Amino acid sequence: MPHPDRPQRAARSELPSDELLLAAVERAARHQARNTPAVPAWAILEHLAVPRRSAAARHVRERLEELHAAGRLERSSRHSVPVWALSSAGIEHLRRVRHTGALPVLGESPQHRAWREARTAAAQEIERFRNGVRECLALATALVDDDEPPDSDAWLELAEELQRACRRLASASYCLYEWREPDDSEADLDQHAEAADELLDVAERATRRARRAGRRNIRLWDARRGC
């Protein structure tokens with residue numbers, strides 16, 4: 001009987017096959033922002049949905065080395081961190097396995113998961129964010145109509161709160177209505193660009209694109225709640 005305090009090795013059937021691992025390297029390279037086919041182990045683990053500190057992760061790291069020794073992966077270094085890329089032999093092996101229909105299917109990609117989770121969160125939070133903007137505007141109206149005009153600090157504080165409230169609402173609106181479901185055939189990178197930008201002059205186009213930075217980052221929503 002296994003000791004209850006002793007870490008157990010993952011069952012062999014639960015471990016990703018070499019073919020699935022190679023497919024994860026391929027997809028991780030296709031989805032990254034860098035223009036290079038080499039990816040770190042943590043990115044490969046994400047595409048395999050394998051926790052970084054697990055028996056399965058240790059197995060993946062061991063197989064990366066063994067696949068490198070077998071000539072199906074190339075290993076290099078980026079900022080002293082090992083990175084992996086398919087070799088020509090690895091590419092050919094994946095092609096042959098795909099042709100037979102025997103290649104295991106990768107699970108949901110990290111970029112699709114990010115889209116799905118952001119869309120779900122936006123649907124849950126957007127009404128709260130709308131109310132936050134309404135509350136800020138109501139407070140601004142009250143300050144404007146106050147018989148005793150508030151000091152400048154009150155307006156400056158409200159300006160910051162209104163900006164945060166509007167940015168949260170803009171982000172949620174983008175995630176829910178504008179962010180298209182990603183296609184795993186290519187990287188889903190937010191270039192902060194929209195088709196209508198081409199109608200703008202250069203300065204206005206740059207201003208709008210800078211303003212869109214962070215619109216997919218739902219972790220920023222609760223940094224401060226605003227009004």
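Every read-out reported here was derived from the displayed coordinates using simple, explicitly stated rules and does not represent laboratory data. The structure presented is a predicted model; accordingly, all values stated were derived computationally and were not measured. Every residue, glycine as well, gets a Cβ built from its backbone with ideal geometry; the counts of neighbours run over all protein chains shown.
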Normalising by the residue count of segment 12-100, find the relative contact order in percent from Cα pairs under 8 Å and 6+ residues apart. 31
Per its Cα gyration tensor (rounded if a/c is under 1.5, else prolate when a/b beats b/c, else oblate), segment 110-220 is best filed as oblate
Among LEU156, LEU106, LEU73, determine the one that fluctuates most according to a GNM of the chain built with springs between C-alpha atoms less than 10 Å apart. LEU156
For volume of the Cα convex hull per residue in Å³, several values are listed as (i) 154; (ii) 232; (iii) 126; flag the one computed from this structure. (ii)
Sequence-distant or interchain residues sharing an amide H contact under 5 Å with LEU86, placed H: which? GLU74
Could you run the Karplus curve 6.51 cos²θ - 1.76 cosθ + 1.60 with θ = phi - 60° over segment 170-179 and give me ³J(HN,Hα) per residue in whole Hz, x for Gly and Pro? 4, 5, 4, 4, 4, 5, 8, 10, 10, 6
Note, ³J(HN,Hα) from phi for segment 150-155, Karplus 6.51, -1.76, 1.60, rounded to Hz, x at Gly and Pro: x, 6, 5, 4, 4, 5
Student exercise, the chain dipole from Lys, Arg, Asp, Glu Cβ charges, in Debye to nearest 20: 1440
How large is ³J(HN,Hα), in whole Hz, for each residue of segment 211-216 in order, when computed from phi with the Karplus curve 6.51 cos²θ - 1.76 cosθ + 1.60 and θ = phi - 60°, using x for Gly and Pro? 5, 7, 4, x, 5, 8
Placing +1 on the Cβ of each Lys and Arg and -1 on the Cβ of each Asp and Glu in the chain, which of LEU156, HIS79, ALA123 has its Cα farthest towards the positive end of the resulting dipole? HIS79
For the modelled label position 7 Å from the Cα of GLU160 along Cα-to-Cβ, which residues of segment 201-223 have backbone nitrogen atoms closer than 16 Å? 223
Rounded, prolate or oblate: pick one for segment 12-100, where a ≥ b ≥ c are the square roots of the eigenvalues of its C-alpha gyration tensor, a/c under 1.5 means rounded, and failing that, prolate if a/b is larger than b/c, else oblate. rounded
